[in-house]
1. Testing the spin-label approximation: label points 7 Å from Cα along Cα→Cβ at residue 53 and residue 73. State their distance in nm.
2. Using alpha-carbon pairs under 8 Å, 6+ residues apart, how would you state the relative contact order of the stretch 28-89 in percent?
3. How big is the stretch 28-89 by Rg and Dmax over its Cα atoms, in Å?
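Each reported figure results from applying straightforward, stated rules to the coordinates on display, with no laboratory input. All figures in this text were calculated on a predicted structure; none of them were measured in a lab. Backbone-built Cβ (ideal geometry, glycine too); neighbour counts: all protein chains shown.
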């Protein structure tokens, strides 16, 4: 009886330890899995940043003046114009 309790205790401990290790993994925080389909007015955008290189899709995250984060395709012309405009404004 005591041996089965010890075995159960070890299995439970291993399961809890593995969940803690998985939660503290270093992975990308912001990735775009779906892009916003419409244009965004450039006057509403405060800043932008690129997604992490470890993400499966390269994307741009636009940050609005109300602190909303919008994932967009960086290859679209209107996104490139917004990025260029913000870069020039920050110089």
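1. 2.5 nm
2. Details: 90 pairs, mean separation 19.4, N = 62.
Reported as a whole number, the value is 31 percent.
3. In Å, with Rg to one decimal and Dmax whole: 10.9, 30.
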